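Written out below as structure tokens is the structure these notes cover.
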Amino acid sequence: MLERLLSRWRGVALTLITVVATVWLSMTGGLSLYIHPRYFVFTSIMAVIGGILAIAAIAATPSRDEHEHDHEHEHDHGHDHDHSHESDALGTSTARRNNRRPRLGARQRIAVVASTTVTLIVVVTAFVALIIAPPVTLSSAAVENRSLNANAQTVDSPIDEGETLRGRDTSSFTVKDWAAMLRQGDGEQQVLGERAKLVGFVTVDPDAPDAFILARFVVNCCAIDAAPVGVAVHQPGWQANYPVDTWVEVDGAFVTNPSASSAERVALMPTTVTAIDQPSDPYVY
């Protein structure tokens, strides 16, 4: 009985913690670190519904004494039906209730303590992870575990196939747009000579020590399915000034990559590279 109650309360506690964290992130804007903005309203509504259901579950959970009282009442009713006129019915029922109370053995006590400890650890860990710890964005560690630009060809390009980039206003283009352009037909030839001012975080180009990858994550649904995209930036000695995961703004022009060993045939030759704070919305969509 006690183990079942602990298991149930653990589920309710975790639900409430998740609900509070979701509502808090929604109010502070931190929800954008985990899901696409188009799901903000839906997620917030579902979190509120989940909180209401969790509170209802708390209200509907019977206490141990109530459970035992109901069980004993049913048992006593059946037993006393044939002895309804006995004067010692109340005393007999009380004695029987006291004798029937379970006495936990050593193994049961150990099991209860272990279950309680696990419940506390799980709840406290969830509380720290979801409420106390600040939300974090995906970083270069995630880039290493996911193929860079693997989905760049499926990302919507800022121009249609067959159109030319010459003369177009590219000031609003992000890392995602340029990465998509570089993998679209004759995109590499179109991009050469174009200027760009881009924001992203620094990650390693595994094939070219004189260049780094300026990367962003493209989110379609949530951070779990986020795909890294990036463009190469030719900057010998970048390691001394821009550690991995540093957010930077790069202003420059696209050229044939001077690093012949790099898998990226076109690179951004920077005029300036400036370290900046992480944007409030670090992902692109």
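Bear in mind these aren't lab numbers, they're just calculated from the coordinates by the rules spelled out. In this text the structure is predicted, and so the values were computed from the model without any measurement. Positions of Cβ are generated from backbone atoms using ideal geometry, with glycine treated the same way; all protein chains shown enter the neighbour counts.
Observations
- Residue in the stretch 178-199 that is under 21 Å from the mean Cα position of the chain (by Cα), surrounded by fewer than 21 Cβ atoms within 10 Å (Cβ to Cβ) and free of Cβ contacts under 8 Å to residues at least 60 places away in the same chain present: no
- Filtered residue count, the stretch 271-285, keeping only those that are touching an Asp or Glu at 6+ places or on another chain (Cβ under 9 Å), more than 16 Å from residue 203 (Cα to Cα) and in contact (Cβ under 8 Å) with a residue 24 or more places away in the chain: 1
- Search result, residues across the stretch 267-285 that are surrounded by fewer than 12 Cβ atoms within 10 Å (Cβ to Cβ) and more than 31 Å from the chain's Cα centre (by Cα): 271, 272
- Of the residues making up the stretch 259-266, not a single one is under 24 Å from residue 150 (Cα atoms), surrounded by fewer than 20 Cβ atoms within 10 Å (Cβ to Cβ) and of a type in the set (Asp, Glu).
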